[in-house]
Each structure stands twice: as structure tokens, then as C-alpha cells.
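The values are calculated or read from the model by the stated rules, or taken from the named source; none is laboratory data. Since we're looking at a predicted model, the values are computed, not measured. Neighbour counts run over all protein chains shown; Cβ positions are idealised from the backbone, glycine included.
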Amino acid sequence: MRVSRLMLVTLRDDPSEADIPSHKLLIRAGYIRRVASGIYAYLPLMWRVLQKVSRVVREEMDGTGALETLLPQLQPAELWQRSGRWAGYTAGEGIMFHLEDRQGREMGLGPTHEEVITYLAADLLRSYRQLPVNLYQIQSKFRDEIRPRFGLMRGREFIMKDAYSFHANEESLRQTYASMDSAYRRIFARCGLRAVAVEADSGAIGGSASQEFMVTAEAGEDLILASSDWSYAANQERAVSLAAEPIALPGGPRARGQGEPFATPGQSTIDDLCAGHGIEPCQTVKVLVLLACFEDESAQPLLVSLRGDQQLNEVKLTNAVTARCSEEHGALLDISPIDKEAVASEGLLPFPFGFTGPHLDDGLLAGSDHWNKRFLRLADSTAAELSSFVCGANSLDSHLIGAAWGSLCPCPESLDLRAAQPGDRCQHDPSQQLQASRGIEVGHIFQLGRKYSEALEARFTNEAGTEEALWMGCYGIGVSRLAQAAVEQHHDGNGICWPVSIAPFEVIVVAANWAETEQSSLSEQLYRSLQEAGVDVLLDDRSERAGVKFKDADLIGIPWRVVVGRGAADGMVELVERSSCSKRDLPATELLEALLPSLAIQRMGLSV
RNA sequence: CGGGGCGUGGCGCAGCUUGGUAGCGCGGGUGCUUUGGGAGCACUAGGUCGCAGGUUCGAAUCCUGUCGCCCCGACCA
């Protein structure tokens, strides 16, 4: 390809719409253009990058025996209703674009394809003899993100590779999951990305085990907590850790564990309370009053007890509430704090906000119009383990000191609800501390189990001749996000430094002065011989000044530059490597033998 | 949705406080000179200042509404 024919439009200034380096560079270098919020056009250079990434993905997926397919993006609501996800994905903060067709039938634009693929599996998979199978596709996904961001990082339309596997038993699922894990590591390495695998929450997709692949980068949206040797790494929403040991409350339980009231006028926060009375936050139990809203329009008040120095992990809480209530009430749509206004509009007497204790009585809910009349009571284990503590007295301007579970009130169900923090001791090795780093999630693999196959009645006949639900896994890679993540990891002050394996072109031949016949004809000759050698080569045949061409070549990030300049008369050219800036002069006749071996190695990406 | 910010030639911005009919840099076109790190000079085209109302003799500027975009939180490949 010739640069003069490439519709290359580069920008000198950073675009105002972008903040992070990769987003700025992709726009400046003429790779993408925004069409609407979170919706981008992939210009010819970008499309070549995406095709190269896709090729790596295909090769590795095909290598595991997976089958490429293409599923509809327009999907009937019915399938989503059967899996129980329609309401969660369309109501409230749901992310599915949805519409009605001319007959009034509801449809959704696919944000993911578990429903469709399971529907097909139900139709096609009948016997254990057909299993396991793993189907994948590379196509655009649609998600009405609450906040699109950072160009291709979080778009509302983006390219994803999604795969779904079906198995006769859990062991087979684990094997495919493991082979996807290693395929993913090869894919990211081949694309030149430094990526790490971290434990993850399964989120709305559901299922049991799940692992995310993170490209480490400052601009990453996710917080990773990892031990210093990286033997443990997890997304913060999933991470577990050991909380600091509590300091025992002097005096232990008082008033037979009921706690002694003391006046705490206006001290409605942990900080105020502790500062006013010489108490440590870890000696207190704070009680969060929340409301969970469900698909069936029911609402469940929650009373969550946490040790005062700990923070709630909302993902863990959401999972806990879902596990306890979704069977009866459908999808959990939202959890939010209950405030004064909500209490009043529900026709209830005021709650003692700021002075709430875990013994708050269900009687407060008796007059409720819509809410469940009993609190769902949960406690983080750090709170449950306190032998005596300070907590709200459930009346204004008063707390209790020396309260104990059992005497004050029964200890609520105890589970892990706290957010792990950087600096916490690791569970697997208390001598190590968790450290924070940021990451861009480029892949996610799940063991789904039988959630979808049961909902959509995807069954097969096993060896014993009886029917059972298929075991499923699903495996995603954000292809367009991966491409931008590569820029985030590979750029410098002059522009992008693409890894050879996913660069739109591998080599650019730059004639310093196209008007000089010696330079232009030697350039043409090298261009042809590189093409014949199977190299993806770009020829800058523009009659721009050399400086402009060098700047553009650096900006768009072609890994190798061959400069045909003053030495052309003597048959000499200059070979420049973009990433290292290393330069060497050599006879044009030796270019191929100098370049091809390096290219052959670089095309394979990082060594795994 | 809550909080913050921004919409002015293709791109990046100034002008707005204190209303008087739009300017700078880059980019585009033509010509001459230049030619290895975003050239110089000259000429030139291109904007009803997001949109709709209102105030005013007069609005890019003041007021109201509305739309769009970006940033911080929940969502996720």
C-alpha cells in the first residue's frame, strides 16, 4: 500500500475528546474516529490491526479444536426471558439495547450470546458422543454502557471474540477451561501484551470459577490486588485478605453483653465517635441499612454489620443477596442505601440513622407498604468475630459499649463482605501484603456450570442413557479493547510502537525526497521486493518533506522504517527500528537478509 | 442517574466578566523558494459562534429551555 492512497489523516494536536495516551494516539494517527459516544469507526489502518489480532485469536482457538461460527446479533426477548436475564439486562441499569419489531415483538441487540448458543445447543446436542464442543465467533457486541469511556476501551459497540463450550460433565468443562486459559496466555503473548491472570467475580454472566486477563497499565479501569510475588492476584471486587487483628475492647462485655449506653451527641460517624471517646474503629460495629430491589418489584431491607475499620465490598454483598433471594424474587436489580426520605415515603417511623445497632428491630418495618417486613441480616466475619464491641444504641445520640453477640442480639449470618485493601495481609501467606496495580481487562473465562442449560432446557443423553443438562463454559476476549491496550502498553513521546505481530504494516519505506529519481526508483524497487518476500509493507510516496514523513511513520507506529535518502545514489539505505530507535546503514541489496530474520521472530510476539 | 466541565471554519483554541456583528495556530487550495525530523513567503477558500426561545436599537457575549460531548462514581470484553 502507498501512503498517498491510504487516506491517512494525522493530527498534530491532541484531540479534546481523549485523555489517555492510547486514545489520543489512535485518533491522532488516523486509526479511529468517533461517530457518537462510545461508537467508533475503525479506519483502514485500525481495521488491519483488528484483522491481525483476529488472526492470532483464530489460530489459537482453532488450535484447541474450537469451531468458528457466527450468531445473530438481533435476538428475541423470549430467550432472555427464559434464562431470567431479560429484566436485569433491560430494566434499571441494564445494558442491552432493545426494541420492538413491526409486530410488537421485543428484541435485544446482543451484548453477549449465552442464550442464543444454548438455544442452539438444545437443538443440536443430543448425545455425550458429540461432546465436548467449543464454538466461537468474532463480531460486534452492543452494550448500552452507563458510561462509555476512553475510546475503544469501553465502547457501546465493540468487537469481541466469544466462545462457549458444552460438556458432558464438570471434569470435561475444567479441561476446556484450562485449555482456554493457556490459549489466552498464548494469544496475549503473541499480540505482544504483558498480561496477567487474576481471580475474578463472575458478575451477571453467572457461574462458578472465573478468571480475568489484565493488561497492566496506568490507565486501566480495574484495580488488581496481588501479593508481592504475584502468586495471588485478584480483581479488587473479588479479592480476599486478612484484616488487621482487632484491638480488644478494654473491659470486655458489659451489662451481661447487652452493652452500656453512653451519650454520643451528634457523633454519627465512626471517626467522630472514635475521636470523642478514645475508641478504635476496629472496636466498633457499623450497621449499613440498605434496600435490595428485585425483578418482581419486591424490596428487601438489608442490615449489614461490618467492623468499623472495614469497607463494604458491594459485589460480594450483591452475590450474597442474589444467592439468598433470587430464587424467589427474580434478578436483583439494585442495592442502595435507605435514607430518611425512603423511610418516610414508605410510611415508617424514622430510623436511628447514625446510631444504628445490629439489634435494630424488625418491628420498625411493620407498617411498610411495599418492603419485606423483616430485615435480611448479614455480617462480615470481622464483625462477627468481635467478642465485645461498640455499636449504635438504636436511639439518637447514643451508642452502646461492651455489647456482645448472643446477648445483644443473635449474630447474623457471617460471611466475607469486606473489601480487601492494599496493605492487607494475604490469606495464602500472611507474611506478604497485597499491592495495588491497575489493569485493563482484555479477557475473561468462566465455568458457567448448568445455569443456562437448565434454564433453556439444553440436555443431552449420557452414557447411562438418561438425560441431563449440559455443562457450559464461556470465554471472551475484547478484540478492539485489546488493540487499544496494546497501544497503551507500547507507545512513546513520538507515537505508537506496535508489536510486529499486530502492526497494520510491518515495514514502511520512506523516500526522503520523492522528487529525486534515484530515491523514488530505489524505493519502488525495495517496496516490490519486500512485497514479494511476503512482508506487509507501506511505501511513503508522498512529495512531503522528509521530516513530515518521519513524524508520520513514528506516529502511526510502523515497527521498521527503511529510509531511502542521500545514500540512494550509492545503493545505501537506512534501517530504523521504531521501538528501540536503533539505526543502521546498509546496502539496499542486503536489506532483506538483514530484516527478514528479525521479522520472523517478532511476528511470533513475546516468548511465553 | 448524581456531581464537575465543555460546545466558536476540518483540528486545537482565544474572544464572553464589562453586548456593538468574529480572531489566532495548525490543516486545505494556488504560486515561488526550500528539500533528512511536522519549512518560508505571498495569495486564497472556509464559520447564520450546538439548537430553540427570550431580553435588547443591537447577542458568540446576558436569561430560559433543549441537544450533544468529556471527566469523577455504579456496569464490563
Q) Within region A:428-450, which residues are surrounded by fewer than 16 Cβ atoms within 10 Å (Cβ to Cβ), more than 22 Å from the chain's Cα centre (by Cα) and under 30 Å from residue A:478 (Cβ atoms)? A) A:428
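Among A:555, A:591, A:595, A:575, which is under 28 Å from residue A:483 (Cβ atoms) and more than 12 Å from RNA strand B (Cβ to nearest atom)? Reasoning before the result, please.
On the way: A:555 fails: more than 12 Å from RNA strand B (Cβ to nearest atom); A:591 fails: under 28 Å from residue A:483 (Cβ atoms); A:575 fails: more than 12 Å from RNA strand B (Cβ to nearest atom).
Answer to the selection: A:595.
Would you mention how many residues in region A:490-547 are of a type in the set (Asp, Glu), within 30 Å of residue A:215 (Cα to Cα) and more than 11 Å from RNA strand B (Cβ to nearest atom)? Walk me through how you get there before you give the answer.
Our first condition is that a residue be of a type in the set (Asp, Glu); within region A:490-547, this holds for A:492, A:506, A:516, A:518, A:524, A:532, A:536, A:540-541, A:544.
Still in the running and within 30 Å of residue A:215 (Cα to Cα): A:492, A:506, A:536.
From what's left, more than 11 Å from RNA strand B (Cβ to nearest atom): A:506, A:536.
Result for region A:490-547: 2.
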Q. Taking region A:566-590 on its own, how many of its residues are farther than 23 Å from residue A:497 by Cα and small (Gly, Ala, Ser)?
A. 5
Q) Picking from A:341, A:295, A:237, which residue would you name as being in contact with a His (Cβ under 7 Å, 6 or more places away or on another chain) and within 16 Å of RNA strand B (Cβ to nearest atom)? A) A:295
Q: Name the residue, out of A:39, A:95, that is closer than 25 Å to residue A:119 by Cα, out of contact with any helix residue (DSSP H, G or I) (no Cβ under 6 Å at 6 or more places or on another chain) and either surrounded by 13 or more Cβ atoms within 10 Å (Cβ to Cβ) or of a type outside the set (S, T, N, Q) (or both).
A: A:95
Q.
Looking only at region A:16-41, filter to residues that are near RNA strand B (Cβ under 8 Å from one of its atoms) and under 20 Å from the mean Cα position of the chain (by Cα); which one of those is farthest from residue A:556 (Cα to Cα)?
A. A:37
Q: Check region A:250-262 and report whether any residue there is closer than 27 Å to residue A:430 by Cβ and either within 16 Å of RNA strand B (Cβ to nearest atom) or buried (at least 18 other Cβ atoms within 10 Å of the Cβ) (or both).
A: no
Q.
Just to be sure I understand the filter: pairs with C-beta atoms under 7 Å, separated by 6 or more residues or on different chains, first member in region A:517-541 and touching a residue at least 24 places away in the same chain (Cβ under 8 Å) and assigned by TED's automatic domain parsing to the domain that holds residue A:590, second member exposed (fewer than 15 other Cβ atoms within 10 Å of the Cβ) and not basic (Lys, Arg). Which pairs pass?
A. A:518/A:569; A:533/A:596; A:537/A:531; A:541/A:4
Q. Can you name the number of the only condition in (1) touching a Ser or Thr at 6+ places or on another chain (Cβ under 8 Å); (2) free of Cβ contacts under 8 Å to residues at least 24 places away in the same chain; (3) within 16 Å of RNA strand B (Cβ to nearest atom) that residue A:276 fails?
A. (3)
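Here's the yes/no breakdown for (1) over 25 Å from residue A:521 (Cβ atoms); (2) touching an Asp or Glu at 6+ places or on another chain (Cβ under 9 Å); (3) buried (at least 16 other Cβ atoms within 10 Å of the Cβ):
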| site | (1), (2), (3) |
| --- | --- |
| A:544 | no, yes, yes |
| A:550 | no, no, yes |
| A:558 | no, yes, yes |
| A:567 | no, yes, yes |
| A:571 | no, no, no |
| A:582 | yes, no, no |
| A:592 | no, no, yes |
| A:596 | no, no, no |
| A:599 | no, yes, yes |
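Tell me which residues, restricted to region A:552-608, are under 30 Å from the mean Cα position of the chain (by Cα) and among the hydroxyl-bearing types (Ser, Thr, Tyr). Give the steps one after another, and end with the answer.
Residues of region A:552-608 that are under 30 Å from the mean Cα position of the chain (by Cα), as a first pass: A:555-559, A:579, A:602-608.
A:579, A:607, listed by residue number.
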**Q.** Residues of region A:112-140 satisfying the condition of being over 15 Å from residue A:446 (Cβ atoms) and free of Cβ contacts under 8 Å to residues at least 60 places away in the same chain
**A.** A:116, A:120, A:123, A:124, A:129, A:132
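Quick one: which of A:149, A:194, A:174 is near RNA strand B (Cβ under 8 Å from one of its atoms) and either in contact (Cβ under 8 Å) with a residue 24 or more places away in the chain or buried (at least 17 other Cβ atoms within 10 Å of the Cβ) (or both)?
Working: A:194 fails: near RNA strand B (Cβ under 8 Å from one of its atoms); A:174 fails: near RNA strand B (Cβ under 8 Å from one of its atoms).
When all the criteria are applied, what remains is A:149.
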Q: Could you check residue A:166 against (1) within 26 Å of residue A:128 (Cβ to Cβ); (2) touching a helix residue (DSSP H, G or I) at 6+ places or on another chain (Cβ under 8 Å); (3) within 11 Å of RNA strand B (Cβ to nearest atom) and say which number it fails?
A: (3)
Q: Collect the residues in region A:66-119 that are of a type in the set (Lys, Arg) and more than 20 Å from residue A:454 (Cβ to Cβ), keeping them in residue-number order.
A: A:102, A:105
Q | Residue count, region A:458-500 (criterion: closer than 23 Å to residue A:23 by Cβ and aromatic (Phe, Trp, Tyr)) | A | 1
Q: Check region A:384-391 and report whether any residue there is within 16 Å of RNA strand B (Cβ to nearest atom), surrounded by 17 or more Cβ atoms within 10 Å (Cβ to Cβ), hydrophobic (A, V, I, L, M, F, W, C) and in a strand (DSSP E or B).
A: no
Q: Hey, can you tell me all the residues within region A:437-471 that are under 25 Å from residue A:191 (Cβ atoms) and away from RNA strand B (no atom under 13 Å from the Cβ)?
A: A:437, A:447
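Would you mind finding the one in A:138, A:159, A:146 that is modelled with pLDDT under 95 and β-branched (Val, Ile, Thr)?
Residue meeting the stated conditions: A:146.
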Q. Here are some conditions: (1) surrounded by 14 or more Cβ atoms within 10 Å (Cβ to Cβ); (2) touching an Asp or Glu at 6+ places or on another chain (Cβ under 8 Å); (3) not polar (S, T, N, Q). Residue A:352 meets all but one. Which one does it not meet?
A. (2)
Q | Subset of region A:423-451 [part of a strand (DSSP E or B) and either among the aliphatic types (A, V, I, L, M) or in contact with a His (Cβ under 9 Å, 6 or more places away or on another chain) (or both)] | A | A:436, A:440, A:442, A:445, A:448
Q.
Exactly one of these conditions fails for residue A:182: (1) over 26 Å from residue A:115 (Cβ atoms); (2) within 11 Å of RNA strand B (Cβ to nearest atom); (3) hydroxyl-bearing (Ser, Thr, Tyr). Give me its number.
A. (2)
